[in-house]
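Engineer: This is the structure, below, for whatever I ask next.
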Amino acid sequence: MARHGETAWSLSGQHTGLTDLPLTAQGEQNARWLEKRLRGLTFAKVFTSPLRRARRTCELAGFSSAAETDPNLVEWNYGEYEGLKSTEIHLKRPDWQLFRDGCPGGESPEQIGRRADNVVNKIRAIKGDVLIFSSGHFLRVLAVRWLGLEPAAGRFLVLSTASLSMVGYENNVSQPAIRLWNDISHLEDETTEKSKL
């Protein structure tokens, strides 16, 4: 699972659900570094969110020709909270928690959980490895639904932009597991290389 590269709103901390923002210049560079990390790997299927930030990350990572668009992979619909920072939301609703409460005029945790279940079922039917390009909150829900946990458990996971994560199994399909989470070593390696110059 690859989270899209940086956007202006991911940088500022604004909730970016269905607003179709482009990657920043740094987001595009991070997606190129993602390509280096994934180079040489093969996947039975590649899926991407239809949103521009995920599609562009997929393209710069070298998988656009193999990718199928899946509308289930769009980010959480934040409804009335679209474009707001959590601090702004907490001024109106001090006790608000996305993974517990969802968003007025947007999706509830149960609704995004059902979308994640659709993706989980699709992936489990495919023989071989699958690569997904999507957004942070959706991928957090996808991971916990993979494990059979409630969508609210997504609050315990965090994801950086242009990060890689991997779900799979421990010994067999009855033992789903998170095998890698929020790996950004490909970004750190590139930053280290640049600082040596």
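Engineer: Taking only C-alpha pairs under 8 Å that are 6+ residues apart, what is the relative contact order of the chain in percent? Before the final figure, lay out each step's value.
Structural biologist: Working: 369 pairs, mean separation 51.7, N = 197.
So the answer I get is 26 percent.
Engineer: Right, here's the next one. Which shape class, rounded, prolate or oblate, goes with the chain when its Cα gyration tensor gives a ≥ b ≥ c as root eigenvalues, a/c under 1.5 marks rounded, and past that a/b bigger than b/c marks prolate?
Structural biologist: Oblate shape, in that a/c is at least 1.5 and b/c is the bigger or equal ratio.
Engineer: Next question, about the same structure. Run the helix sum for the chain: -39,500 (n - 2.57) per DSSP H stretch of 4+ residues, divided by residue count, reported at 222 nm to the nearest 500 deg cm²/dmol. Before the final figure, lay out each step's value.
Structural biologist: On the way: 8 runs with 78 residues, N = 197.
Counting only the DSSP helices, I get -11500 deg cm²/dmol.
Engineer: Once both labels are modelled 7 Å past Cα along the beta-carbon direction, what's the residue 80-residue 124 spacing in nm?
Structural biologist: 3.6 nm
Engineer: Do you know the relative contact order of the range 60-130, to the nearest whole percent, from alpha carbon pairs under 8 angstrom that are 6+ apart?
Structural biologist: With pairs under 8 Å counted, the relative contact order is 35 percent.
Engineer: Can you give me the accessible area per residue for the chain, using a 1.4 Å probe, in Å²?
Structural biologist: In whole numbers, the chain has 50 Å² accessible per residue.
Engineer: Can you tally the lysine pairs in the chain where the Cα-Cα distance is under 24 Å and the two residues are eight or more apart, or on different chains?
Structural biologist: Lysine pair count for the chain: 5.
Engineer: Ordered by residue, what ³J(HN,Hα) values in Hz, to whole numbers, does the range 79-89 give under the Karplus form 6.51 cos²θ - 1.76 cosθ + 1.60, where θ = phi - 60° and Gly and Pro are x?
Structural biologist: For the range 79-89, the Karplus-derived couplings read x, 5, 9, 4, x, 8, 8, 4, 4, 5, 5 Hz, x marking Gly and Pro.
Engineer: Please report how far the C-alpha centroid of the range 45-88 lies from that of the range 113-153, rounded to the nearest whole angstrom.
Structural biologist: Measuring centre to centre over Cα atoms gives 14 Å.
Engineer: Now, a different point. Where is the GNM fluctuation largest for the chain (alpha-carbon springs, 10 angstrom cutoff): 165, 108, 12?
Structural biologist: Result: 12 has the largest fluctuation of those listed.
Engineer: What does the extension gain come out to for residue 21 and residue 147, with contour length at 0.36 nm per residue minus their alpha carbon separation?
Structural biologist: 42.3 nm
Engineer: If you don't mind, another one. Pop a pseudo-label 7 angstrom from the Cα along the beta-carbon direction at both residue 111 and residue 183 and give the gap in nm to one decimal.
Structural biologist: A separation of 3.4 nm, rounded to one decimal place.
Engineer: Tell me the carbon and sulfur percent of the accessible area for the chain, rounded to whole percent, probe radius 1.4 Å.
Structural biologist: Working: 4930 of 9790 Å².
With neighbouring chains kept in place, the figure for the chain is 50 percent.
The values are calculated or read from the model by the stated rules, or taken from the named source; none is laboratory data. Because the structure is predicted, anything quoted here is derived from the model rather than measured. Cβ sites come from the backbone with ideal geometry, for glycine too, and all protein chains shown count toward neighbours. What goes into the accessible areas is simple: the full protein's heavy atoms, side chains included, and nothing from ligands, DNA or RNA. Shrake-Rupley method; radii C 1.70, N 1.55, O 1.52, S 1.80 Å.
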